[in-house]
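The values are calculated or read from the model by the stated rules, or taken from the named source; none is laboratory data. Please read all numbers here as calculations on a predicted model, not as lab measurements. Cβ placement follows ideal geometry from the backbone for every residue including glycine, while neighbour counts extend to all protein chains displayed.
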Amino acid sequence: MKPTSNDLAFIDFVKQECERVGIKCVLKNVKSVRLSENSNARCSGYFDSENKELVVSMKRPDSLSILVHEYCHLTQWEEQIPLWKKADFSLARIDEWLCGKEIRNIKKHLAIARDLELDNEKRSAKTIRKWKLSINVKEYIQKANSYIHFYNYIYYTRRWSKPKNTPYTNKQIQALMSDRFNMRYDMLPTKIHNAFVAAKI
C-alpha cells in the first residue's frame, strides 16, 4: 500500500527526532535485520540506546507499524522512565539467557521487558491516532497484545521467534487477543499458550 502524506510526514518527523537526540536512523530496504551483533536472531527492527541507533526493515507490509513501535522506544529512553532504566539491565540478562547462559530470576527479567513493551505499545497506539497513520489501530493493538504475551511464552521456549513466524503476524493468535489494552498480562492463559505451541512460534 502506498504511504499517505501523513505516513511520509511521520517518517520525516522520526528522522528529525533521531537527529535531534543524536540517534542514527537506519531505514533498510530489507525484510529483517539482526537483533544484535552477538545474536544470529533476526527481527523486523530495534532501538538501541547504547549504540545510538534506530533500525527498521522497510521491505515489509508492516514497516510503518515497526517504525512507530521503535520510535516510541526512543521516547521511553529520552524520558528515562523508571521501566526503561530497569529494562536496560534486564534486557541484557535476557540476551545472555537466550544465548545459553544460566541467569537467576529470569522470569522477573522477562516480566520487566514485557511491561516495558506494554507501556511502549500504548504509546504506539496513541501515536498512530495522533498522526492519523494508515494503520488499523484495533488490529495493531491485537498484534501488540500477542507480542506482549510472547514475553511470557519465551520463558518456556528460551528462543526468539523467526522473522517469518512471529506472534504478531499469526492470524490465529491475533484472533485470541483483545483490541484494547485490557488483558491480564502477568500470566499466559492456557489457550494462548496452546496457540503459540500450535503455531510453532
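Data for the structure
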| quantity | calculated |
| --- | --- |
| Output for the range 2-51, where each listed residue is touching a helix residue (DSSP H, G or I) at 6+ places or on another chain (Cβ under 9 Å), in a loop (DSSP other than H, G, I, E, B) and either modelled with pLDDT under 95 or surrounded by fewer than 13 Cβ atoms within 10 Å (Cβ to Cβ) (or both) | Pro3, Asn38, Ser44, Ser49, Glu50 |
| Hits in the range 82-101 (condition: of a type in the set (Gly, Ala, Ser) and surrounded by 15 or more Cβ atoms within 10 Å (Cβ to Cβ)) | Ala87, Ser90 |
| Test: residue in the range 63-78 that is touching a Ser or Thr at 6+ places or on another chain (Cβ under 8 Å), buried (at least 20 other Cβ atoms within 10 Å of the Cβ), among the aliphatic types (A, V, I, L, M) and part of a strand (DSSP E or B) | no |
| Verdict on Ala92 being of a type in the set (Gly, Ala, Ser) and either touching a residue at least 12 places away in the same chain (Cβ under 8 Å) or part of a loop (DSSP other than H, G, I, E, B) (or both) | no |
| Any hit, the range 125-145, residues being surrounded by fewer than 19 Cβ atoms within 10 Å (Cβ to Cβ), among the basic types (Lys, Arg), modelled with pLDDT of 95 or more and over 25 Å from Lys15 (Cβ atoms) | yes |
| Neighbours by Cβ (under 6 Å, 6+ apart or cross-chain): first from the range 132-160, closer than 14 Å to Ile94 by Cβ; second in a helix (DSSP H, G or I) and at pLDDT below 95 | Phe150/Pro167 |
